[in-house]
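Structure first, commentary second.
The values are calculated or read from the model by the stated rules, or taken from the named source; none is laboratory data. Here the structure is a predicted model, which is why all the values come from computation and not from measurement. Because the Cβ atoms are built from the backbone with ideal geometry, glycine has one as well, and the counts that use them run over all protein chains shown.
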Amino acid sequence: MHLRLCSFPEEGVMKTKFITVFCVVSLLLIAGAATAEPRIKGEPVDYKAGGVTMKGYLAYDENVKGKRPGVLVVHEWWGHNEYARKRARMLAELGYTALAVDMYGEGKTATHPDDAAKFATETAKNFPVAKKRFEAAMKFLKKQKTVDPKRIGAIGYCFGGGVVLNMAAGGRGPEGRGEFSWQSRLVQAGKARNDQGKDPRI
């Protein structure tokens, strides 16, 4: 009597089965990777602040389901330009809905430092107007269908960092926020002073 403990397929058949399984697994991995790829939608948007039309830019990942945190992106002293929009798209790739805001109104931008300084100074000297524009942007962002209105943050670059810091100091900023700034001055009287009684540079 001969006992046959196990049976192995011929080498050629085994190779064929292995190749088939490998191909199926590879296709599933490729399909999964394709699904995970972000599909960023960026679009110009308008909102109002004090009767002035503000030109913003909204970016989010269409492949992310449900509501997610929202982030306000405040531009440099050049105004709402492509750099601010690029940063909004980068945040969207990380899973946020980002709004690149307009602090000057009507999408006004500068290409020369003299003009940029003029725009930034005018905004800094008129804090109530700046506050209305920031709050209008935050209100607009909170209303977006992809945004959880209880999870709002803000970042800014140079001039924009100063804006975010001032809004935080005045209690008008979002509860969760991040600030990026250099050479920005706090403009709210009495809110922040150093030991010499001067406004600190950030």
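Below is a table of values for the structure above.
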| quantity | calculated |
| --- | --- |
| Unmet criterion (only one of (1) at pLDDT 95 or above; (2) not in a loop (DSSP other than H, G, I, E, B)) for G161 | (1) |
| Subset of the range 92-106 that is among the aliphatic types (A, V, I, L, M) and in contact (Cβ under 8 Å) with a residue 40 or more places away in the chain - its residue that is nearest to V129 (Cα to Cα) | M103 |
| Qualifying positions in the range 44-76 - of a type outside the set (D, E, K, R), over 10 Å from G95 (Cα atoms) and either surrounded by fewer than 22 Cβ atoms within 10 Å (Cβ to Cβ) or modelled with pLDDT under 95 (or both) | P44, V45, Y47, G50, G51, V52, T53, G66 |
| Residue, surrounded by the most Cβ atoms within 10 Å (Cβ to Cβ), within the range 149-160, restricted to residues that are more than 14 Å from the chain's Cα centre (by Cα) and touching a residue at least 60 places away in the same chain (Cβ under 8 Å) | F159 |
| Test result for P149, within 26 Å of T109 (Cα to Cα) and modelled with pLDDT of 50 or more | no |
| Those strands (runs of 3 or more DSSP E) lying entirely in the range 36-82 with at least 1 residues farther than 22 Å from D115 by Cα, in contact with a Lys or Arg (Cβ under 7 Å, 6 or more places away or on another chain) and free of Cβ contacts under 8 Å to residues at least 24 places away in the same chain | 40-49 |
| Lone qualifier among A130, A116 - being of a type in the set (A, V, I, L, M), in contact (Cβ under 8 Å) with a residue 12 or more places away in the chain, within 19 Å of D46 (Cβ to Cβ) and surrounded by 16 or more Cβ atoms within 10 Å (Cβ to Cβ) | A130 |
| Candidates E122, E106, E135 - the one that is under 26 Å from P69 (Cα atoms) and surrounded by fewer than 17 Cβ atoms within 10 Å (Cβ to Cβ) | E135 |
